[in-house]
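Below is one structure, written out as structure tokens, with a few remarks after it.
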Amino acid sequence: MKCSKCSNNAVFTNPTLCKEHFIEYFETKVKDTIKQNNMIQKQEKVCVAASGGKDSITTLYLLHKFGYNVEALAVDEGIEGYRDHTLAFLKDFCEEKGIILHIKSYQEEVGKRLDTVVPKGRPACNICGTFRRHLLNKYTQDYDKIATGHNLDDESQAVLMNLLKAQINLFARQGPKTKQIKGFTQKIKPLYLMKEKEIMTYSYIKGFNTPYNECPYAKDSYRAHVRDLLNSIESKNPGTKINLINKYLSIREGFSQDKEIRFCEVCNSPCSSQICKACRLKKQVKAV
Ligand code: SF4
Ligand SMILES: [Zn+2]
Ligand SMILES: [Zn+2]
């Protein structure tokens, strides 16, 4: 099949583009997303939440390439055979590009590795995600923005998950750029409109040999079920994911952060109760 813009062979369909035109399409779309959502000002300091996977590597690469002032922050949950591989790749990548990388671990912050607290095969994402969000916010207080690699697939899953769990109050916290709330570093998602397969293609063309191993805890997570469901609907009804996101974006402004922001009595992090969820979990984890 030929590229829709030149006579070269296409490497991607829908849109049908050759290597060169696909790169141009991809980078232009990310630039437009940044611009249309007023995500970053040139003088701002941005921290990319990097795991070493294709999404965060692409985010880091592009923000660096576009000339923004970026550093990377990785969280090592302590998952043997998984995070150690992606972190090794991330370290090499940052060294090669001259990007400062900070690494924080659950071992150092919580006192235990994730895989010593939750046996493989048991649900771990709630506890893991709580600590990750806590550490990312804690260690990005000196930055203007925190950029994550969330893509269209992740975000449409998040909208559906919140609907299925009737967590409509969480709608205000999603979107390509979170609202400014005291104590929280504002989050931006430059890949918000990029499909997972587009990011895979871009990473492949760019030669990012990111490890493709999946977290051993991921397969039984609630998100994995929603992902499979949405993928199956999308394959029969193409456009479902982007329609879901467009509809969500059209009603998003109507949702506000309903809970009052307080500050945790233990760690002073912003939260909605006396003690934040991370501190409450930390206590339970220490008892394991
Ligand atoms: S899949 Fe779950 S356990 Fe694994 S890194 Fe992600 S949040 Fe943590
Ligand atoms: Zn072309
Ligand atoms: Zn706390």
Matching residues in segment 157-207 - criterion: being in contact with a Pro (Cβ under 7 Å, 6 or more places away or on another chain) and among the small types (Gly, Ala, Ser)
GLY183
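Within segment 244-253, is even one residue more than 16 Å from ligand 3 (Cβ to nearest atom), in a helix (DSSP H, G or I) and of a type in the set (Ser, Thr, Tyr)? Show your work before the answer.
Within segment 244-253, the subset more than 16 Å from ligand 3 (Cβ to nearest atom) is 244-253.
From what is left, the residues that are in a helix (DSSP H, G or I) are 244-253.
From the residues that got through so far, the ones that are of a type in the set (Ser, Thr, Tyr) too are 248, 250.
Yes: segment 244-253 contains one or more residues that are more than 16 Å from ligand 3 (Cβ to nearest atom), in a helix (DSSP H, G or I) and of a type in the set (Ser, Thr, Tyr).
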Is there a residue being closer than 17 Å to LYS241 by Cα, out of contact with any Asp or Glu (no Cβ under 8 Å at 6 or more places or on another chain) and without any contact (Cβ under 8 Å) to a residue 12 or more places away in the chain anywhere in segment 170-193?
no
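Can you tell me which residues in segment 37-48 are surrounded by 12 or more Cβ atoms within 10 Å (Cβ to Cβ) and either assigned to a loop (DSSP other than H, G, I, E, B) or of a type outside the set (A, V, I, L, M, F, W, C) (or both)? Let's see the steps before the verdict.
First, pick out the residues of segment 37-48 that are surrounded by 12 or more Cβ atoms within 10 Å (Cβ to Cβ): 37, 39-40, 44-48.
Matches in segment 37-48: ASN37, MET39, ILE40, GLU44, LYS45.
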Six or more apart or on different chains, Cβ atoms under 6 Å: show the pairs whose first residue is in segment 1-29 and in a loop (DSSP other than H, G, I, E, B) and whose second is more than 16 Å from ligand 3 (Cβ to nearest atom) and small (Gly, Ala, Ser).
MET1/ALA10; CYS3/ALA10; THR16/SER4; THR16/ALA10; CYS18/ALA10
Pairs under 8 Å by beta carbon, first residue outside any helix (DSSP H, G or I) in segment 86-107, partner aromatic (Phe, Trp, Tyr), six or more apart or different chains?
ILE99/PHE93; HIS102/TYR139; LYS104/TYR139
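Hey, among the residues in segment 1-18 that are within 17 Å of LYS195 (Cα to Cα) and surrounded by 12 or more Cβ atoms within 10 Å (Cβ to Cβ), which one's farthest from ligand 3 (Cβ to nearest atom)?
Applying the filter and picking the extreme gives THR16.
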Residue under question is ASN126, and the condition is that it be at pLDDT 95 or above and within 16 Å of ligand 1 (Cβ to nearest atom); does it hold?
no
Among the candidates TYR222, TYR248, residue that is more than 16 Å from ligand 2 (Cβ to nearest atom) and under 20 Å from CYS128 (Cβ atoms)
TYR222
Looking across segment 264-284 at residues that are more than 8 Å from ligand 3 (Cβ to nearest atom) and in a loop (DSSP other than H, G, I, E, B), the single one that is modelled with the highest pLDDT is GLN274
Residue pairs within 7 Å by beta carbon, gap of at least six or interchain, first lying in segment 247-263 and modelled with pLDDT of 85 or more, second assigned to a helix (DSSP H, G or I) and of a type in the set (A, V, I, L, M, F, W, C), listed first then second, are TYR248/VAL159; ARG252/PHE171
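Quick grid of which residues meet (1) within 20 Å of LEU249 (Cβ to Cβ); (2) under 16 Å from the mean Cα position of the chain (by Cα); (3) surrounded by fewer than 15 Cβ atoms within 10 Å (Cβ to Cβ):
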site: VAL159; (1), (2), (3): yes, yes, no
site: ARG173; (1), (2), (3): yes, yes, no
site: ILE181; (1), (2), (3): yes, no, yes
site: GLN186; (1), (2), (3): yes, yes, no
site: GLU196; (1), (2), (3): yes, yes, no
site: PRO211; (1), (2), (3): no, no, no
For segment 111-215, please list each of the helices (runs of 4 or more DSSP H) lying entirely inside it that holds at least 2 residues being on the phi < 0 side of the Ramachandran plot and among the hydroxyl-bearing types (Ser, Thr, Tyr).
196-206
Evaluate the following for GLU80: is it surrounded by fewer than 16 Cβ atoms within 10 Å (Cβ to Cβ), modelled with pLDDT of 95 or more and on the phi < 0 side of the Ramachandran plot?
no
Within segment 14-33, which residues are more than 9 Å from ligand 2 (Cβ to nearest atom) and among the acidic types (Asp, Glu)?
GLU27, ASP32
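Checking the structure you have, find out if any residue of segment 30-50 is within 16 Å of ligand 1 (Cβ to nearest atom) and under 18 Å from the mean Cα position of the chain (by Cα).
Quick first cut of segment 30-50, residues within 16 Å of ligand 1 (Cβ to nearest atom) only: 49-50.
Still in the list and also under 18 Å from the mean Cα position of the chain (by Cα): 49-50.
For segment 30-50, residues within 16 Å of ligand 1 (Cβ to nearest atom) and under 18 Å from the mean Cα position of the chain (by Cα): present.
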Output yes when any residue across segment 130-146 is within 16 Å of ligand 3 (Cβ to nearest atom), of a type in the set (Ser, Thr, Tyr), surrounded by fewer than 22 Cβ atoms within 10 Å (Cβ to Cβ) and within 23 Å of GLY175 (Cα to Cα), and no when none is.
yes
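The values are calculated or read from the model by the stated rules, or taken from the named source; none is laboratory data. Computed from a prediction, not measured in an experiment: that's the story for all the values here. Cβ sites come from the backbone with ideal geometry, for glycine too, and all protein chains shown count toward neighbours.
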